[in-house]
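Everything on this sheet refers to the single structure shown next.
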Amino acid sequence: MISYIVRRLLILPIILIGVTLLVFSMIMMLGPYERLSTYIKDPAELKNVDVDVLVTKLGLNDPWYEQYGRWISGVARGDMGWSESAGSTVTQAFLSRFPATAELGLLALLPVVVGGVILGVFASVHHNDFWDHVSRVLAIIGWSVPTFVFGLIMLMIFYGTLGWFPPSRLDSWALDIVNSAGFINYTNFFIIDGLLNANFAIVGNAIRHLVAPVITISILWWAFIMRITRSSMLEILRRDYIRTARAKGVKENVVVYKHAVRNALIPVVTVAGRMVLGLLGGLVITETIFNIKGLGQFMAQAAQQLDYPAVLGGTLYFGFLLILINLCVDVSYAIIDPRIRLE
Amino acid sequence: MEWQEVVIRLFKNKISLIGLILIIFFGVIAIGAPWIAPPSDPSEPYMVPRAGWGFEPQPPSSEHIFGTAEGQYDIFYGIIWGTRTAFRIGFIIVGISSFIGILVGTLAGYYGGWFDEVVMRITDIFMAIPFLIAAIVMTTILGQGLRNVMIALITFGWMNSARLMRSQVLSIKEEEFVIAADALGAGDFRIIFKHVILNTIFPLVIEASMRMGSMVITASTLSFLGIGAPEGYADWGQMISFARNWILGGEGNAIKYWFTVVIPGGAITLFCLSWNLIGDAFRDILDPKLQ
Amino acid sequence: MKRSSILILVLSMVLVLSLTVGAFAQVNNPNTFTKINMGTIDSLDPHYQYDNASSEIYANIYENLIMFKEGDITQYEPLLATEVPTVNNGLIKNDGTTYIFPIREGVTFHEGGTLTPEDVKYSFMRGLIHDRNGGPWWMLYGPLFDAGGLSDITEQVVGVENPSELTAAQSAEVYAELDKAISVDGNKVVFNLPKPNPTFLSVVVHDNGLGAIIDKEWSIEQGAWDGSPETIAEYYDPAKESDPLHEQTNGTGPFMLNTWEKGKRIALDRNDNYWREPAQLERVIINYIDEWSTRKLMLQRGDADVVYMDKQYQSQVENLDGVEFISGLPNLYTGYGLMNWTIDTKGNPDVHSGELDGNGVPSDFFEDINVRKAFNYSMNYDAFVSEVMDGDGQQARGPIPEPFLGFDEDSPVYTMDLEKAEEHFKKAFDGELWDKGFEITILYNTGNSMRKTASDMLKYNIEQINPNFKINVRGIQWASYLDRMIAGKFTLGFIGWGADYADPHNFTVPFMRSDGTFGNFKGESYKEWAKENGVDSLVNKGVEVTDREEREEIYKEIQNIAYEYATDLYLYQPTAHILMRDWVQGWTYDPILHDGIYYYRIYKAQE
Amino acid sequence: MSKEKLIDVNDLATYFHTEEGTVKAVDGVSFEIYPGETLGIVGESGCGKSVTSLSIMRLIESPPGKIENGEILFNGKDLTKLNQKQMRKIRGNDISMIFQEPMTSLNPVYTVGDQIMEAILIHKDVSKKEARQEAIDMLTKVGIPLPEQRVDEYPHQLSGGMRQRVMIAMSLSCDPQLLIADEPTTALDVTIQAQILELMNSLKRQFGMAIMMITHDLGVIAEVSDRVAVMYAGKVVEYADVKDLYGDPKHPYTWGLMYSIPHIEKDLERLEAIPGNVPNPLNFPEGCKFNTRCQFATDKCRVDEPELEEVEEGHYSACWHVDKLEEQKAKQGRG
């Protein structure tokens, strides 16, 4: 198992170099003046700028391999460069935005996976009857409504009309507490920090701010998980060992939840792993609408401003995450299914 | 299962029937667009006509039955011609990316060895960036426009088909009839196409029908972010992005501009829904294990 | 145990929910002011920053020698100086080439230092040495040295074009040249100008970060310019990330920095040791949220006191409860369609065939005055003002906006007149254009609906005139927009300019002078034309004379040239607006700082 | 006979209602099993023998399947009238079942010990520790070496024969009165088959339970059964003591099966000796369902369906033309 993990980690650099080269070559499709726009966002900034001097200073005219080499050797030294759109170093920009995204992502993952699996099991148990159709159609509708429409409607109802779930991560008063000297930011995950500081008002406030975005994400991905679970369950429920279990006199609930679900989870784990990356991409919209300054929103913004140090840094980060997720998927296979050995 | 039987079953299944009816409905609108909403400038039928130069959306009236969006773009016209855009986006992106996926996946799975290894690592590299972010980067670089959106979505949209195809090919490669064909001396090309692809195509068809809807949504998300279709182009995502800043109404009337959201939002949701319903039913029908 | 702790958690959540939902005070958080803006702050270094969002922060933390009189940008009041120099009080001497500022005593910086005249001199010298590429210092190099920047001086003095290549000895020589301009005399700071310049005070006034006074000792401690004449090369054109004042501040202003979460939020606290009465607000928070709907909701719910709004959404807020919307404020901005007189046709899809053959336009398309006039007659100015700008704002009359010198509301302007447009199109290229027709693509940068609409209007009107005329409207991203302008491939596109300082010179240079910002994008034939027809010298003459009436005549002449020769398509001067809760009191309009707010006089109270 | 019947199936009919129409998988089947005896049920795949066993267990998937008619008396109780909860008390306890595919009949994600213990824990009031010990004992009884070690292994770590032994251990763990064995040896290779049958016979003696042995393999039936029911197209066509049946089949179908044995190595799945195909269950022929493949078929056979009748003592057959079969047998005997 350990040698397997080590071997998977060994291909990490290959993937990372490949993926950054891919993005870099895309960026190099633009001319130097176009890439200059990262630094000049408004015509007013053209006053007294010698564009050619700026191009030379930033090295935008050098051959691509020199520019890439400069960047990658910086990375090797732990310097990911300066992100113009964040106004800080790329590393800083990522560190300050990571907790928001991770908090939202992890919190959403739970209802998405658990809710999706429950829905899928429910539909498979009711295969082809009324409830199966209803839950399937509802899930497909959830999948079919664009996130930006759904998110804005959520905002309109739960903040605009009812005032329950405000946007951003914390209220102003709570941010003041979090930023004050008496509050120790262990993780910058406000829920965890609130608990560690025994400040439950912060915890409550953080949760309140997360409800609407979590629902928005969940609605979208439920259909995805549910669908896989359902078809996987339908297949498993026809397996001989399910009949064996029934023939033993096992209760139907136990048959479904003990004997079937664990087997049915194997394909679900695969897609859930793949989903995590898609979910992170999907956070672009959710974070934008609910004003959560996280990685998704940052990456979209950086991409649109052609802030390529940030884009490349993000690519590294996501590539790393992909390998990590795949590893987690493989390990959880081994946990769920004793037949699989990681070698 | 014969394809005729598949079609018959699609029509018999209530859920897929709803989906089929919706698709046919959209298809009729797409074909009939020049008669339903005659363009004022036939050389540029996809440019939505403007009813004025102001910004505030105007509610439905006899002249503009769905009202006008921000910038006085006629929503009815945009929806009708946008149907064509939706089909085009869906068919082109899904068609080409599935084709690339089939080709790559089949070759990798069939030949195996180092070739497979290299191809799958390349696939991994493409999959290492979240789809939406990759699409944003690429569209930003290529510039605004539907063609560029499609290029970006194809570039980062073929990997799933490839992996699916590869695993199908791997599992079927060992089966007798392929080995038999090999022994009979059929050329590689023929083996792949005649046996492997024909025997593995169905899961891919299901996947493709599911992706039709989500590609249209992704394209509209790019429009929403301001890097999709050019402003004024008949595209549902574009129509919704016009609604972005009006969705919360105004002057104490929260649903004052409902038509800017509900009509294009409804169109895109129904379109995506219908493909998904068909795909879902398709899967149930074609999956022999579920019979 | 487990269950009870979950119960407590749930209960406390419910409690928190109900408390915050239930609370609906008359004025939310009376001592904290929350503004929601768009975009990001570039830098907190007052000498580095050159954008709207940053200057708002600088203006509340740092102070200059003088400031505008409240609500009037034509009059000055002392700030860190005790008197505004005028000819009458003897502080402007030698025919307007010497400005003397007596420095206020007893002013302390946030970090504890005391203001001295040395600090003032250090602040200006530091900025002059920094002179970052793309920064604001050209505004001061003009009046102080009659130069464009530090590189001009180094070339003049020691013949080195790039200041970062100066040796220590050369650096000292250059420093001696700079040193001539500013000197300390007791408690006074004296500026010596090479020739009279009427813009000087409007450049160093508060609202312009380059005139901000920083604490010499503290700044040197942080690693800013060490005050040595020999280190210019080291400190010239700093990178943002290595600038020690990029994220820490130490000013004399009414507010001081609490936290700056880049790209998200900045919080300012009241300076209780302020040399005047402390501000009324204890805290100012500026959040950056790009989504308009979210901003609007936060305002509606009273969670924000002021939010940024694009003009086109004003119909949504005009009658909102508890919200005050003020519009029609004069905005020092001119929006116009830039015409490139010499289009680079090589590999340029926007000129199509690139020739006068009916399927494209030739390189010198806009060099023909009849084409320019015809385009000017084809714009629907009335509809633009009444519909696109909702009746606020006005048609531009040339580069100079109201209320600057040279603006005359009786001056001639183009109106939409398709017959006259036809007449000019027929005369263009000796009638060849009319017979053959043309096809051109005009550009706008994506996301800018106003510019798109202006382009659509041109297309709509011109295509009516002659069926052989074909105009395509293409949105490209800012990156490509910029690229095409620099590369000379721009055809016609809309762009605008807002005031850096309150003087018409700030508009005539970029719009009209051959080496101005936009002049650079208008091609060789415009440059020649502007030089030969005296446009350049006229623009320069505007700052060489100090007599107000004489200046006014010059600027009127410039406005008239812009009209007479239809150099470009001058379209609009917008208005500014502000959207706030009605409990915000003490706000006055400052056209230079706007959308920024000077929070010193603001307080919150329900009327 | 004087002995009490353990299970008495009367006129059982189980139909599947599908979109294409109704499949009469079991249509009027009757038989009985006495304590301690082995009844063999033989027939081609699709003849309804598995559905019969699943009907007894009440494990028919519903919908689409449904027991339409008949009664299943187990110790005098009609199983068709019981609800699922009552039924669960019987399953695995009084009646247990082993299946054809030992490869797929065990849940791959639980250890064999867990799966045996599950049945014990459901039906017996014992602690987990005791259940584990019982499971180990059962593994010992079915002849698995190193049971203490095997009990914690997963199914995929065992060979096919071993797995079938585990299945048997599991089904016998609660001392059932009836064991239904649905093709228990089909998927195993020949030597293992013999071992498993041997094991079942010895366990039957040891535990004293009755066995209902379902197979398509006449050889297996001959080895273990006391009596045999031959099924064709949802019906029992011949029913007799194993010796009578083998010595003197009274139905053309059974006869066809018998005489195909030497030619195709006991494997009846393909049934090449009997011409024609098994009829489509959606569309059974009128009259005798075997008429399409029967060399003796007459017009009567194509109109009227024969009932099961006692042709000799304790030997039942459903055929209009037992006499013609006798003639044919006589001819062949001479030839």
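The values are calculated or read from the model by the stated rules, or taken from the named source; none is laboratory data. All values reported here derive from a predicted model rather than from experimental measurement. Counting neighbours? That spans all protein chains shown, and the Cβs are built from the backbone with ideal geometry, glycine included. Quick note on the areas: whole protein, heavy atoms, side chains included, nothing else; ligands and nucleic acids left out. Shrake-Rupley method; radii C 1.70, N 1.55, O 1.52, S 1.80 Å.
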- Task: Quickly run through the range C:3-51 and pick out the residues that are in a helix (DSSP H, G or I), at pLDDT 55 or above and not hydrophobic (A, V, I, L, M, F, W, C).
- Result: C:Ser5, C:Ser12
- Message: Let me spell it out: the conditions are (1) without any contact (Cβ under 8 Å) to a residue 24 or more places away in the chain; (2) farther than 30 Å from B:Cys272 by Cβ, and A:Pro146 meets all of them except one. Which number is the exception?
- Response: (2)
- Query: What pairs can you find where one residue is in the range C:238-251 and open to solvent by 10 Å² or more (accessible area, probe 1.4 Å), the other is part of a helix (DSSP H, G or I) and hydrophobic (A, V, I, L, M, F, W, C), and their Cβ atoms are less than 7 Å apart, with a gap of 6+ or different chains?
  - Reply: C:Thr249/C:Ile61
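Can you name every residue in the range C:140-157 that is in a helix (DSSP H, G or I) and open to solvent by less than 10 Å² (accessible area, probe 1.4 Å)?
C:Leu140, C:Tyr141, C:Pro143, C:Leu144, C:Leu150, C:Ile153, C:Thr154 - these are the residues of the range C:140-157 that are in a helix (DSSP H, G or I) and open to solvent by less than 10 Å² (accessible area, probe 1.4 Å).
Given the criteria facing another protein chain (nearest Cβ under 9 Å), under 23 Å from the mean Cα position of the chain (by Cα) and among the aliphatic types (A, V, I, L, M), does C:Ala239 qualify?
On the way: facing another protein chain (nearest Cβ under 9 Å): yes; under 23 Å from the mean Cα position of the chain (by Cα): yes; among the aliphatic types (A, V, I, L, M): yes.
In short, yes.
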- Message: Give me the residue from the range C:271-293 that is within 14 Å of chain A (Cβ to nearest Cβ) and open to solvent by 50 Å² or more (accessible area, probe 1.4 Å) and, out of that set, nearest to the chain's Cα centre (by Cα).
- Response: C:Asp290
- Among the candidates C:Ile266, C:Ile343, C:Ile285, residue that is assigned to a loop (DSSP other than H, G, I, E, B) and among the hydrophobic types (A, V, I, L, M, F, W, C): C:Ile343
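Quickly run through the range A:146-167 and pick out the residues that are surrounded by 21 or more Cβ atoms within 10 Å (Cβ to Cβ) and part of a loop (DSSP other than H, G, I, E, B). Give the steps one after another, and end with the answer.
Taking the range A:146-167 first, the residues surrounded by 21 or more Cβ atoms within 10 Å (Cβ to Cβ) are A:146-152, A:154-155, A:159-160, A:165-167.
Correct list: A:Pro146, A:Phe165, A:Pro166, A:Pro167.
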- Pull up the range C:94-108, narrow it to residues that are in a loop (DSSP other than H, G, I, E, B) and open to solvent by 10 Å² or more (accessible area, probe 1.4 Å), then point me to the one that is nearest to C:Asn208 (Cα to Cα). C:Arg104
- Message: If a residue must be more than 30 Å from D:Glu19 (Cβ to Cβ) and open to solvent by 70 Å² or more (accessible area, probe 1.4 Å), how many such residues does the range D:64-117 contain?
- Response: 6
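If I ask for residues that are farther than 13 Å from C:Gly335 by Cα and facing another protein chain (nearest Cβ under 9 Å), which ones from the range C:440-451 would you list? Break it down into steps so the answer makes sense when it comes.
First, pick out the residues of the range C:440-451 that are farther than 13 Å from C:Gly335 by Cα: C:440-443, C:445-447, C:449.
The answer is C:Thr446, C:Gly447, C:Ser449.
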- Task: Please enumerate the residues belonging to the range A:303-326 that are in a helix (DSSP H, G or I), open to solvent by less than 10 Å² (accessible area, probe 1.4 Å) and more than 9 Å from every other protein chain (Cβ to nearest Cβ).
- Result: A:Ala310, A:Leu312, A:Gly313
- Scan the range C:422-461 residue by residue and report those that are open to solvent by 40 Å² or more (accessible area, probe 1.4 Å), closer than 30 Å to C:Trp478 by Cβ and assigned to a helix (DSSP H, G or I). C:Tyr460
- Task: Return yes or no: is A:Ala86 within 11 Å of chain C (Cβ to nearest Cβ), at pLDDT below 85 and closer than 30 Å to A:Val211 by Cβ?
- Result: yes
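Take the residues of the range C:498-546 that are of a type in the set (Lys, Arg) and outside any helix (DSSP H, G or I): which is surrounded by the most Cβ atoms within 10 Å (Cβ to Cβ)? Spell out how you get there, then give the answer.
Let us first name the residues in the range C:498-546 that are of a type in the set (Lys, Arg), namely C:513, C:522, C:527, C:531, C:541.
If we keep only those that are outside any helix (DSSP H, G or I) too, we end up with C:513, C:522.
Values: C:Arg513: 23, C:Lys522: 26.
My answer is C:Lys522.
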- Message: For the range D:118-127, give me the residue count where each residue is of a type outside the set (A, V, I, L, M, F, W, C), closer than 21 Å to D:Arg91 by Cβ and open to solvent by 50 Å² or more (accessible area, probe 1.4 Å).
- Response: 2
- Among the residues of the range A:242-255, is there at least one that is at pLDDT below 80 and more than 10 Å from every other protein chain (Cβ to nearest Cβ)? no
- Query: Tally time: how many residues in the range D:71-87 are touching a residue at least 24 places away in the same chain (Cβ under 8 Å) and either within 18 Å of D:Ile211 (Cα to Cα) or at the interface with another protein chain (Cβ under 9 Å from one of its Cβ atoms) (or both)?
  - Reply: 6
- Task: For the range C:337-350, indicate whether the set of residues that are of a type outside the set (A, V, I, L, M), modelled with pLDDT of 90 or more and closer than 26 Å to C:Glu387 by Cα is non-empty.
- Result: yes
- Message: Among the residues of the range C:463-484, are any open to solvent by less than 10 Å² (accessible area, probe 1.4 Å), touching a residue at least 40 places away in the same chain (Cβ under 8 Å) and assigned to a helix (DSSP H, G or I)?
- Response: no
- Query: In the range C:324-350, how many are out of contact with any Phe, Trp or Tyr (no Cβ under 6 Å at 6 or more places or on another chain) and aromatic (Phe, Trp, Tyr)?
  - Reply: 2
- When every residue in the range C:384-421 that is of a type in the set (Asp, Glu) and over 28 Å from B:Gln72 (Cα atoms) is compared, the one least open to solvent (accessible area, probe 1.4 Å) is C:Asp408
- Apart from one, (1) assigned to a loop (DSSP other than H, G, I, E, B); (2) within 8 Å of another protein chain (Cβ to nearest Cβ) all hold for B:Gly213; the odd one out is (1)
- Within the range C:294-305, is there a residue that is farther than 30 Å from C:Phe384 by Cα, modelled with pLDDT of 90 or more and more than 14 Å from chain B (Cβ to nearest Cβ)? yes
- From the option list A:Gly81, A:Gly105, single residue qualifying as touching a residue at least 12 places away in the same chain (Cβ under 8 Å) and more than 14 Å from chain C (Cβ to nearest Cβ) is A:Gly105
- Message: Looking only at the range B:127-147, filter to residues that are part of a helix (DSSP H, G or I) and more than 7 Å from chain A (Cβ to nearest Cβ); which one of those is surrounded by the fewest Cβ atoms within 10 Å (Cβ to Cβ)?
- Response: B:Arg147
